[in-house]
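Engineer: I am attaching a structure below and will ask some questions about it afterwards.
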Amino acid sequence: MIKPTVSILISGRGSNMEALASACDSKVIPANVGVVISNIADAPGLDRAAGFGIPTAVVPHAGRSKAAFEADLQAILKHYKTDIICLAGFMRILSADFVNLWEGRILNIHPSLLPDFAGTNVYARTLAAGVRESGCTVHRVTAEVDSGDILVQSRVPVRAGDTESTLAERILQAEHVAYPQALAMLVSQLAAKPHPERKVS
Ligand code: GAR
């Protein structure tokens, strides 16, 4: 069976990228990592990816159209024969046209129990709401932000005295387990079904 190729889009630290790459590297997930792409040139995750021997690329978003940005992303993803895209702390919103090209094949991780606290400023809003529980969600990406069907959700407590950073750290530990689980689910669904773009020379 052909192993699918997973490419990972990041904007920063890259700890979820590392969790996904480790799971593929150790064969917990039967997939290869194609390329790690960042829209931020000095994202620390690029060095982490290089440490795994994963090719990296930078596609800046600033100062040009979303269409041009996404055309460059698409060319690199195709070059590395990508079947699945994982957004791992990738802080750009993809257009409906791009998402539709990859229908059902883009995953995202978000640090809340969606549909609660979609969008930005998640930890502050979670603490301000006074909820006792939070967590993370891995979902398929659709044209609407932070929606799309949910593959895995993992819950963590919100403790008295939590700050944004203590809560973020607790959720992050859950993310590093949840994201590989969700990717394994998608890989098992798509393993025998490479992306149609792969047939285009
Ligand atoms: C993670 O907490 C992820 O859930 C969040 O960014 C962080 C990236 O950390 N993503 C979002 O907020 C997306 N809306 P990482 O770079 O160490 O993986």
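The values are calculated or read from the model by the stated rules, or taken from the named source; none is laboratory data. Everything numeric here is computed off the predicted structure, so don't read it as measured data. When we count neighbours, we look across all protein chains shown, and the Cβ atoms used for this are built from the backbone with ideal geometry, even at glycine. Protein only, heavy atoms only, side chains kept; ligands, DNA and RNA dropped before computing areas. Shrake-Rupley method; radii C 1.70, N 1.55, O 1.52, S 1.80 Å.
Engineer: Within the stretch 50-74, take every residue that is in a helix (DSSP H, G or I) and of a type in the set (A, V, I, L, M) and give me the one that is surrounded by the fewest Cβ atoms within 10 Å (Cβ to Cβ).
Structural biologist: So the residue we want is Ala67.
Matching residues to (1) modelled with pLDDT of 95 or more; (2) open to solvent by 30 Å² or more (accessible area, probe 1.4 Å); (3) of a type in the set (S, T, N, Q); (4) more than 21 Å from Ile40 (Cβ to Cβ):
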position: His79; (1), (2), (3), (4): yes, yes, no, no
position: Phe90; (1), (2), (3), (4): yes, no, no, no
position: Leu101; (1), (2), (3), (4): yes, yes, no, yes
position: Asp116; (1), (2), (3), (4): yes, yes, no, yes
position: Ala178; (1), (2), (3), (4): yes, no, no, yes
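Engineer: Follow-up. Return the residue satisfying two criteria in turn: it lies in the stretch 123-156 and is of a type in the set (Val, Ile, Thr) and touching a Gly at 6+ places or on another chain (Cβ under 9 Å), and of such residues it is farthest from the ligand (Cβ to nearest atom).
Structural biologist: Checking each candidate, the answer is Thr142.
Engineer: Still on this structure: In a helix (DSSP H, G or I), modelled with pLDDT of 95 or more and within 25 Å of Leu190 (Cβ to Cβ) - does that describe any residue in the stretch 29-43?
Structural biologist: No, the stretch 29-43 contains no residue that is in a helix (DSSP H, G or I), modelled with pLDDT of 95 or more and within 25 Å of Leu190 (Cβ to Cβ).
Engineer: If we scan the stretch 109-119, do we find a residue that is in contact (Cβ under 8 Å) with a residue 60 or more places away in the chain and within 26 Å of Pro55 (Cβ to Cβ)?
Structural biologist: Yes, the stretch 109-119 has at least one match.
Conditions tested, residue by residue: (1) in contact (Cβ under 8 Å) with a residue 40 or more places away in the chain; (2) under 18 Å from the mean Cα position of the chain (by Cα).
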position	(1), (2)
Pro4	yes, yes
Asp25	no, yes
Ala50	no, yes
Gly53	no, no
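Engineer: Another question, if that's okay. Give the residues of the stretch 78-122 that are more than 16 Å from the ligand (Cβ to nearest atom) and either within 14 Å of the chain's Cα centre (by Cα) or part of a loop (DSSP other than H, G, I, E, B) (or both), sorted by residue number.
Structural biologist: Hits for the stretch 78-122 are Tyr80, Lys81, Thr82, Asp83, Ile84, Ser95, Trp102, Glu103, Gly104, Arg105.
Engineer: Take the residues of the stretch 27-49 that are out of contact with any Asp or Glu (no Cβ under 9 Å at 6 or more places or on another chain) and more than 15 Å from the ligand (Cβ to nearest atom): which is most open to solvent (accessible area, probe 1.4 Å)?
Structural biologist: Out of the qualifying residues, it is Lys27.
Engineer: Would you mention how many residues in the stretch 123-156 are open to solvent by 60 Å² or more (accessible area, probe 1.4 Å) and either part of a strand (DSSP E or B) or among the β-branched types (Val, Ile, Thr) (or both)?
Structural biologist: 5
Engineer: Return yes or no: is Ala21 open to solvent by less than 10 Å² (accessible area, probe 1.4 Å) and outside any strand (DSSP E or B)?
Structural biologist: yes
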